[in-house]
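Visitor: I am attaching a structure below and will ask some questions about it afterwards.
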Amino acid sequence: MPIFTNPQTFPSFDELPPSTSSLTTPQTPWFLLAQIKENMTITKPTLVVRDRSNIDFAVTFDDGDHHGLVIGGGNGEKARFRKGHTLVVPCATRTDRGEGKKALVRVPEGQGRDVRVLPTSLDKVFGLGALVNGEKDGEEKKRGCAACGKDEGGEGKLMRCTGCGVVAYCGTECQVRGWNELGHKADCKALKGIREIWP
Ligand SMILES: [Zn+2]
Ligand SMILES: [Zn+2]
């Protein structure tokens, strides 16, 4: 599981390598995370997104057509580019289109299938990533019940959420509260996605 605060693993748009650079040595994979602002698809799938340093730029996909982009595990699932959700592009590069034209991220043919969309905002992805890693203020956080905070390993074992496998509860009452009141319903799918991308 990568550390979400590491800019080498999660670079901003400006920190991406140029598409013209030839990578001779094997690199540790990096991921561009950006929140979808607008779907501008006319022919090729084209999105306007915003990265963690609040820079807006375009992402285009050579793989798809106006029907969308086929992604995810080869089961023919189409990418749903929802506004407000977070795009994950592995090993993204920056294309400089020359003077007067804005740089963009172009996902070359054959790499579109590695792109994922997490069903939550970019801020949330960073927050949930920290939660998965058990980070809190740079220290290992002891994980107790996600609703009441009761410690793990105390009296009675905690039950882990079967959806994401990340958060745990001391009992059904706390689980229901976590799901509804504390908003885990919205986070659970995104957490599951995060764990699938970075097992
Ligand atoms: Zn509890
Ligand atoms: Zn869950």
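Read-outs throughout are calculated quantities, based only on the coordinates presented, and are distinct from any laboratory measurement. Just so we're clear, the structure is a prediction, and the values are computed from it rather than from any experiment. Using ideal geometry, Cβ is built from the backbone for each residue, glycine included, and neighbour counts are taken over all protein chains shown.
Visitor: Between Thr20 and Arg113, what is the spin-label point distance in nm, taking each point 7 Å from the Cα along the Cα→C-beta axis?
Guide: Inter-label distance under the simple model: 3.2 nm.
Visitor: Could you give the nm distance between label points at Thr9 and Val176, where each point is 7 Å from its Cα heading toward the beta carbon?
Guide: With each label point 7 Å from Cα toward Cβ, the separation is 3.8 nm.
Visitor: Among the listed pairs Lys83/Lys157; Lys37/Lys157; Lys78/Lys150; Lys157/Lys189, give every one whose C-alpha distance is greater than 31 Å.
Guide: Lys83/Lys157; Lys37/Lys157; Lys78/Lys150
Visitor: Per residue of region 193-199, in order, report the coupling 6.51 cos²θ - 1.76 cosθ + 1.60 (Karplus, θ = phi - 60°) as ³J(HN,Hα) in whole Hz, putting x for Gly and Pro.
Guide: Whole-Hz 3J(HN,Hα) from phi for region 193-199: x, 4, 5, 6, 6, 10, x.
Visitor: Which length gain, in nm to one decimal place, applies between Val48 and Met1 when the Cα-Cα distance is subtracted from 0.36 nm times their residue separation?
Guide: 14.2 nm
Visitor: For the chain, divide the Cα radius of gyration by the Kirkwood radius and give the resulting Rg/Rh value with two decimals.
Guide: Reported Rg/Rh (Cα atoms, Kirkwood Rh): 1.03.
Visitor: By how many degrees, between 0 and 90 and to the nearest 10, does the Cα long axis of helix 122-133 differ from the longest principal axis of the chain?
Guide: Around 50 degrees separate the two axes.
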